[in-house]
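Presented below is the structure to which this report refers.
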Amino acid sequence: MSSGTHRALRRGDPLLVGVDFGTTHIRALVVSPDGTVIASGSAPTPIYHPRPGRAEHDPEALWLATVAALRQATGQLDDPNRIAGLAVASVGEAGVPLDAAGKPTYPAMAWFDTRAEKECEQLTARIGTDHWAERTGIGPGPMFSLCKLLWLKAHAPEAYSRTERWLNMADYLAWRLCGVAATDPSLASRTLALDLGAGTWADDLLREAGIGPNLFAPLTANGAALGPVTPEVSKATGLPHHCVIGVGGHDHIVGALAAGAWRPGTLLNSLGTAETLLLALDRPVADTALVQAGYAQGAMLLDRPYYYVFATNFTSGASVDWLHGVVGAEIPHETLIGEAESVPSGSHGVHLLPTLRIGNAPHPDPVARGSFVGLFPEATRGVLYRAVLEGLAYESRQMLDGMLEGSEAPAIERIRAIGGLSRNRLLMTIKATVFDRTIKILEMPESTGLGAAILGGLAAKVFPDIDAALSGLKCPETEVRPDESLTELYDRRYQSIYRRLRPATAELHAAIVDIENHREG
């Protein structure tokens, strides 16, 4: 599917809608069954930061932004009645607490909100990382829903006492669309409450944590039909009354679905505000050392369970956006890329550790910060921009190296890249060279929205099964090969310098955060 492709509909074609709730934008994508983009809409994701380490959403503002994106998309169609199905994909760790009447009891904590650090520490001390890892495939972290619920219980007890349901973002929007609450395994695996092997909520672990077992929504297969949109929603969004809402999932995983990343030997690199490396597995990995190193596991449920292991750089695209804002948001990215291309490989020794918010695998650290190392007076913005891209490539390789060592995953035969940041040609060339592997970039800029639309098509019976849905997609690829003349240089810098940056700065960053927290407290 080519970027921005729109075409005239053939008479009788069904249409599908995928909603992508992202960190910065909420997007609505209307596609034909072969993945061709017909229309789209977008609205900024409403968010505010009451203090460092905290980020919140007003659930009603999120809903109104979603309605606006849908109305914008459906308004471009000659006949919105052709829309048959819709599903929502979203960030993985944000959730909305609701009371018995369906009203929010507290603002929704954003996925990267880390206020629950103390609750996470207490949970780990009381129950232990291994216990959680063996059952859930992940270890305690302040971002996960369970830790956020414990924070709510401790710091907003009145709101917690009224909370009857916790809905992940995709589930909240689907519930607003059709009135039925449900979740799927991929989002459930980001709550710290899913028994991954059994595919059920781990009620015993919830009781040990002191959280009621009925707060989470029923677990349902991805693409299962929830019901049609309500009359009020139909009027507000332009969706037809018969549009079926399906169960969506975690954005990176739904994007992986559209990219066909479930083939053994395929590594998916999903590049957005955050960046994920994902490998399909035959079954969950029992070794808790993988989880202790910051890697996570999860599942989708389609015709059968599909398991995977993944790692996330939480501030990948965010690092590029940060530097762009610092040097001048009015400067086109193409200008910065052109200046960086004129800088020699290695950025004259300038290196970036791109953990601006949270440390990721294989060195998880809830108080990590980023660092520039090797600065000198003549370091131009082109040097800094190239150093950011090289730092992101090094970080991706470090995540991949640890994943291959600990997951018993099959040998990598191919790498596929999706997401907005994959369109940065210099980054992808650097990354292919640092990996010393060819990368195929799928011309699927809205892969998450497309994956959600596919799940909506399953719910509406447009496709008989997931294989039929994926086999009919039209998706050109662009191949990026490593620059063999530079692989040795990048490998030497990665081995001798980059791998030492995190251990060398960890204590300094912890001291910085400790001082800042005491000053702000």
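FYI, it's all coordinate maths here, none of it is from the lab. Keep in mind that this is a model prediction, so the values were computed, not measured. All Cβ positions, glycine included, derive from the backbone under ideal geometry; neighbour counts span all protein chains shown.
Data table
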| read-out | value |
| --- | --- |
| Exposed trypsin sites (Lys or Arg not before Pro) absent - longest run of the chain, DSSP non-H/G/I/E/B, at most 14 other C-beta within 10 Å | 12-460 |
| Unit charges on C-beta of K, R, D, E only; dipole of the chain, Debye | 640 |
| Length-normalised contact order of the chain in % [C-alpha pairs under 8 Å, at least 6 apart] | 17 |
| Interchain or long-range residues, amide H under 5 Å from HIS25's placed H | THR45 |
| Neighbourhood charge, 10 Å Cβ-Cβ cut-off, centred on PRO264 and excluding it, Lys, Arg +1 and Asp, Glu -1 | -1 |
| Separation between Cα centres of the stretch 235-251 and the stretch 252-269, rounded to whole Å | 24 |
| Straight-distance crosslink candidates among lysines, where the alpha carbon sits under 21 Å from LYS431 and sequence neighbours closer than 8 are dropped | LYS440 |
| Inter-part distance where the stretch 464-521 and the stretch 357-390 are each reduced to a Cα centre, Å | 11 |
| Reachable lysines from LYS118, criterion Cα separation under 23 angstrom, eight or more residues apart if same chain | LYS148, LYS153 |
| Mean-position separation - Cα centroids, the stretch 143-221 and the stretch 391-443, in angstrom | 32 |
| Relative contact order computed over the stretch 260-408 (Cα-Cα under 8 Å; 6+ residues apart), in percent | 24 |
| Anchor LYS461: lysines whose Cα lies under 30 Å away (excluding residues fewer than 8 positions away in-chain) | LYS235, LYS474 |
| Amide H contacts under 5 Å for CYS243, placed H, 5+ residues apart | VAL229 |
| For the stretch 263-363, convex hull volume per residue from C-alpha positions, Å³ | 153 |
| Long-range amide H partners of LEU167 with built H, under 5 Å | VAL96, LEU98 |
| Correct option for Cα extents along the principal axes in Å [calculated from the coordinates] among [x] 62, 55, 44; [y] 84, 60, 42; [z] 72, 61, 45 | [x] |
| Which of THR276, ALA289, PHE310, positive extreme of dipole for the stretch 267-350 (C-beta unit charges) | ALA289 |
| Sum of side-chain charges, VAL88 neighbourhood, beta-carbon under 11 Å (Lys, Arg +1; Asp, Glu -1) | -2 |
| Length-normalised contact order of the stretch 364-483 in % [C-alpha pairs under 8 Å, at least 6 apart] | 28 |
| Within the stretch 1-114: Cβ-based charge dipole about Cα centre, in debye rounded to nearest 20 (Lys, Arg +1; Asp, Glu -1) | 260 |
